[in-house]
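K.L.:
One structure is given below, represented as structure tokens, and several questions about it will come after.
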Amino acid sequence: MKTALELIREEILSLTPYIPGKHIKAVEAELGITGIIKMASNENPLGPSPKALEAAINAMRESNFYPDPDCTYLRDALSERLGISREQLVFGNGAHELIFLIAATYIDKGDEAVIPEPTFGEYAAAVKLNGGVVKSVPLVNFTLDLEACLAAISKKTKLVFICNPNNPTGTLLDAKVLRNFMERVPGHVLVIYDEAYREYIDDPDYPDGVEWVKQGKNVLVLRTFSKAYSLAGLRVGYGIGRDDLIDYVGRVRQVFNVDSIAQAAAVASLGDVEYIRDSIEQNRQGREYLYRALDGMHLDYVPTEANFLLVNIRGDSKQVFQELMKEGVIVRPAFIFGLPNYLRVSIGTPEQNRKFIRALGKVMAMLNYDRYVAAGK
């Protein structure tokens with residue numbers, strides 16, 4: 001009888017498991033404490049829109065039926081809002097699933113994908129799973145180096161992944177540099193442009209990826225309802241592209257991949273303008289508070305255009321992460337992104353932000369980081 005190792009595809013051996021942020025329930029069980037806050041996974045602390053909650057409850061009444069495989073109402077709402085055809089949209093169980101669907105559609109064994117590092121780790125996982133080769137391009141000053149990405153492209157390159165703002169750094173690409181990049185990408189390359197955090201951006205010159213779709217470029221734009229719209233637990237993402245590019249991704253998609261409750265909540269969220277405005281404003285105020293507090297602690301950080309912040313603790317992020325959990329605060333140790341001296345912290349409610357700062361000051365003092373000043377007032 002063959003062992004599991006003998007039965008699996010060789011590509012599986014190249015994969016490393018995705019490490020998500022720890023869940024509150026898991027930490028409560030592990031440490032035996034309550035009152036924990038999670039600031040690890042870039043989730044919206046406000047919770048879903050009231051209109052989304054109402055729509056989800058109503059949709060639950062019809063959960064005996066299979067979901068609409070075409071996502072008709074959501075497709076219509078987005079098509080109208082974005083000014084594109086219905087055929088230019090494809091839906092996923094979060095944008096996360098779409099990354100794997102795109103790789104399954106376009107990556108063949110030996111094809112290359114250019115991926116800046118560090119960035120969202122599932123880009124590389126999706127490419128490797130399909131036998132592709134990852135060409136990593138280091139960031140410069142925590143920002144994607146598009147000139148280096150262009151230089152890394154070869155005849156074998158099929159995809160280039162661009163996360164803007166980038167996760168985990170929160171940095172935004174210069175608009176002129178990005179537009180210049182899009183004009184120079186060779187015609188045999190498909191750009192995957194991930195806009196998961198687009199709603200949080202203040203820069204009025206931020207390029208809208210949909211415009212490149214309308215120009216007919218080789219680009220697939222990824223967006224999600226998991227961040228600003230606070231539907232991470234329902235898993236709704238969508239891709240935008242030329243109808244021919246989208247058509248092939250749709251052929252790989254599982255027919256019922258977005259459930260009825262998620263579809264209804266997403267449509268309602270789109271219509272709740274006041275909620276999304278409040279969500280963005282709370283994030284902006286929380287970001288400014290964290291900047292001030294960290295400045296007071298003499299801790300460096302990477303200015304962000306997203307709903308999270310990369311903080312330089314100049315020490316062992318694993319150790320600080322563990323000690324913060326004991327204080328009831330879950331963050332993300334950035335060693336998993338190749339940044340061992342950094343923590344990535346999601347921007348929370350005012351109360352959560354204050355609790356994080358108090359806990360961080362306490363932990364830093366306990367670890368004898370005497371060059372830091374405990375803060376949190």
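K.L.:
Here is a check on your reading of the model: is Ala77 part of a helix (DSSP H, G or I), surrounded by 14 or more Cβ atoms within 10 Å (Cβ to Cβ), touching a Phe, Trp or Tyr at 6+ places or on another chain (Cβ under 9 Å) and in contact (Cβ under 8 Å) with a residue 24 or more places away in the chain?
P.N.:
Criteria not met by Ala77.
K.L.:
Identify, from the list Ser279, Ser226, the residue that is part of a loop (DSSP other than H, G, I, E, B) and among the hydroxyl-bearing types (Ser, Thr, Tyr).
P.N.:
Details: Ser279 fails: part of a loop (DSSP other than H, G, I, E, B).
Step by step, each of Ser279, Ser226 is checked, and only Ser226 is part of a loop (DSSP other than H, G, I, E, B) and among the hydroxyl-bearing types (Ser, Thr, Tyr).
K.L.:
When the residues of the range 111-124 are filtered to those that are under 26 Å from Asp243 (Cα atoms) and surrounded by fewer than 19 Cβ atoms within 10 Å (Cβ to Cβ), which remaining residue is farthest from the chain's Cα centre (by Cα)?
P.N.:
Of everything passing the filter in the range 111-124, Asp111 is farthest from the chain's Cα centre (by Cα).
K.L.:
For the range 272-318, which residues satisfy the criterion of being of a type in the set (D, E, K, R) and crowded, with 18+ Cβ neighbours inside 10 Å? Lay out the reasoning, then the answer.
P.N.:
From the range 272-318, those of a type in the set (D, E, K, R) are 272, 274, 277-278, 281, 284, 287-288, 292, 295, 300, 305, 314, 316, 318; that's our starting set.
Within the range 272-318, Asp272, Arg287, Glu305 qualify.
K.L.:
Another question, if that's okay. Thr169 - would you say it is in contact with a helix residue (DSSP H, G or I) (Cβ under 7 Å, 6 or more places away or on another chain) and among the polar types (S, T, N, Q)?
P.N.:
no
So that you can scan it fast, the table gives a plain yes or no per residue for (1) out of contact with any Gly (no Cβ under 9 Å at 6 or more places or on another chain); (2) modelled with pLDDT of 95 or more:
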position	(1), (2)
His23	yes, no
Gly32	yes, no
Ala40	no, no
Lys51	no, yes
Ala56	yes, yes
Cys71	yes, yes
Arg86	yes, yes
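The values are calculated or read from the model by the stated rules, or taken from the named source; none is laboratory data. Here the structure is a predicted model, which means the values were calculated and not measured. Methodologically, a virtual Cβ is constructed for each residue, glycine included, from the backbone with ideal geometry; neighbour enumeration extends over all protein chains shown.
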